[in-house]
1. When the range 113-125 is examined, which residues are found to be part of a loop (DSSP other than H, G, I, E, B) and within 16 Å of the chain's Cα centre (by Cα)?
2. How do the strands (runs of 3 or more DSSP E) wholly within the range 1-112 filter down when requiring 3 or more residues that are modelled with pLDDT of 90 or more and aliphatic (A, V, I, L, M): which remain?
3. May I ask you to say which residue of R147, R134 is open to solvent by 30 Å² or more (accessible area, probe 1.4 Å), assigned to a loop (DSSP other than H, G, I, E, B) and modelled with pLDDT of 90 or more?
4. Would you be able to say whether some residue in the range 93-102 is over 26 Å from P58 (Cβ atoms), in contact (Cβ under 8 Å) with a residue 12 or more places away in the chain and not polar (S, T, N, Q)?
5. Yes or no: the range 104-111 includes at least one residue that is under 12 Å from the mean Cα position of the chain (by Cα), under 23 Å from H43 (Cβ atoms) and either open to solvent by 30 Å² or more (accessible area, probe 1.4 Å) or of a type in the set (G, A, S) (or both).
6. Of (1) under 18 Å from L141 (Cβ atoms); (2) in contact with a helix residue (DSSP H, G or I) (Cβ under 8 Å, 6 or more places away or on another chain), V40 satisfies all except one. Which?
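The values are calculated or read from the model by the stated rules, or taken from the named source; none is laboratory data. Since the model is a prediction, treat every value here as computed from it, not as a measurement. In this analysis, Cβ positions are derived from the backbone assuming ideal geometry, glycine residues included, and neighbour counts consider all displayed protein chains. Just so you know, the surface numbers come from the protein's heavy atoms only, side chains and all, with ligands and any DNA or RNA stripped out. Shrake-Rupley method; radii C 1.70, N 1.55, O 1.52, S 1.80 Å.
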Amino acid sequence: MRSPSPRLSKQPKGSQMTSTDSRRSVADRIAEHWKHGELVYPHDSTGTAFWPPSDYTPVNGEDSQWSTSAGHGTVYAATKQYSRTHPPKHFALVELDEGFRMLGLLTGDVDLDDLIGSRVATTFSPPDEYSGSRHPIFELLSEDHQR
């Protein structure tokens, strides 16, 4: 039988995240950090980050370790979603500087023709009126902050 894996817990920003609370899902524990504006990610014992998150590493099944991302990255791919009732939204697959890729809403002066390779910073949505949940949003950095 497997021993309990390291779990996310409420820790100061930038610290290693561990706990033994196995009653909550990974998604619930990550959402709790997102409420506080912390972008946490899993990695293995060598520091190799991965996404989507899991309690166990995808390569060898060892217990995941958790850290807080600085939230900066590069646009890897992007698309535009159209709606009949709302303005279009842009979504980007962003490679974070820590080495994992994450999909999210993209804000700023978006030009899909010249977007790949642009630098972004992570911000968070305002808290949801009912649940208080927040989600990461990628904001394009100005030319002054590129690379």
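1. S125 - this is the single residue of the range 113-125 that is part of a loop (DSSP other than H, G, I, E, B) and within 16 Å of the chain's Cα centre (by Cα).
2. Those strands (runs of 3 or more DSSP E) span 72-81, 89-96, 101-107.
3. Every option except R134 fails the conditions.
4. No, the range 93-102 contains no residue that is over 26 Å from P58 (Cβ atoms), in contact (Cβ under 8 Å) with a residue 12 or more places away in the chain and not polar (S, T, N, Q).
5. Yes.
6. (1)
For (1) within 19 Å of W34 (Cβ to Cβ); (2) open to solvent by less than 60 Å² (accessible area, probe 1.4 Å); (3) touching a Pro at 6+ places or on another chain (Cβ under 8 Å), each residue gets a yes or a no:
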position: S54; (1), (2), (3): yes, yes, yes
position: E62; (1), (2), (3): no, yes, no
position: A77; (1), (2), (3): no, yes, no
position: H86; (1), (2), (3): no, no, no
position: R101; (1), (2), (3): yes, no, no
position: D113; (1), (2), (3): no, no, no
